[in-house]
1. Short version: what are the Cα gyration tensor semi-axes of the stretch 12-182, square root of 5 times each eigenvalue, largest first, in whole Å?
2. Based on the Kirkwood radius over alpha-carbon pairs, what value in µm²/s does the Stokes-Einstein equation return for the translational diffusion coefficient of the stretch 104-153 at 25 °C and 0.890 mPa s?
3. Can you pull the one-decimal nm distance between simple spin-label points at residue 16 and residue 30, each 7 Å off the Cα toward Cβ?
4. 7 Å from Cα along Cα→Cβ at both residue 131 and residue 168: what's the point-to-point distance in nm?
5. If you find the alpha carbon centre of the stretch 119-183 and of the stretch 34-99, how far apart are they in angstrom?
6. Report the label-to-label distance for residue 94 and residue 79 in nanometres (one decimal), using points 7 Å from each Cα along the Cα→Cβ vector.
7. Counting only Cα atoms, I'd like the Rg/Rh figure for the stretch 119-183, Kirkwood definition for Rh.
8. Build a GNM of the chain with springs between Cα atoms under 10 Å: which of 160, 120, 111 gets the top mean-square fluctuation?
Ligand code: NI
C-alpha cells in the first residue's frame, strides 16, 4: 500500500478521457485500488478517481456515509442516499427523472476551494467490482452527487466546469459566509 500523489487542476491527466479497464480482477487493478483507498482516506476525501492519481483508467472509489444524507429522511428513503466504501470499475450512469439538486462540492484536485454545483438528484449506476462481478445501484442526494463527480473525472471534467454561477466558487475558509446566508 502507498499514499499516491494527487494531480491538481491543470495537469493534463485530469483533462483527458480515461481508458476502460480490460480485466477488473487483475492484480494491477487491485494494487491501484488499494493505493487509491489509502490515498483517499489520508486526504479525508469522499471519493477518488484513478486519473487523480495520474492513472488514466476508468476506476473510482467513493463512500456516502450516513452523516452526509438529509437527517429528515426515513430509514427506507435514506437507503439510496448512502453507500459503503465502494470500488467501481468501468462505471456507467443513467439519470432517473428530471429532479435537479444543488450542493457544495470539493475536490482533492482543486484543493482549498468549494463550489455550488447543480446535478441530477436520482441516478442509477453500474460497473464492476474487484472480483469482476457486476454492481448496480440506485443513488440519490449526496450518494448520487459523489458518483457523478467521480465519474466526471473519467471524462476529463472537473466540477468548476459544471457550475452555472462562478460567484459560488469560493475558498473553504470562507464557506461559513455562504452557509449562514442560505439558512
Ligand atoms: Ni474530484
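1. Details: eigenvalues 129, 76, 43 Å².
With the √(5λ) rule applied to the stretch 12-182, the semi-axes are 25, 20, 15 Å.
2. Translational D for this selection: 201 µm²/s.
3. 2.8 nm
4. In this crude label model, residue 131 to residue 168 measures out at 4.1 nm.
5. What the calculation gives is 9 Å, centre to centre.
6. Distance between the two pseudo-spin positions: 1.8 nm.
7. On the way: Rg = 15.4 Å, Rh = 14.2 Å.
Over the Cα atoms of the stretch 119-183, Rg/Rh equals 1.09.
8. With Cα springs under 10 Å in the chain, the top fluctuation among 160, 120, 111 is at 111.
Since every read-out is calculated from the coordinates, none of them should be taken as a lab result. In this text the structure is predicted, and so the values were computed from the model without any measurement. Quick reminder, even Gly has a Cβ in these numbers, built from the backbone with ideal geometry, and neighbours come from all protein chains shown.
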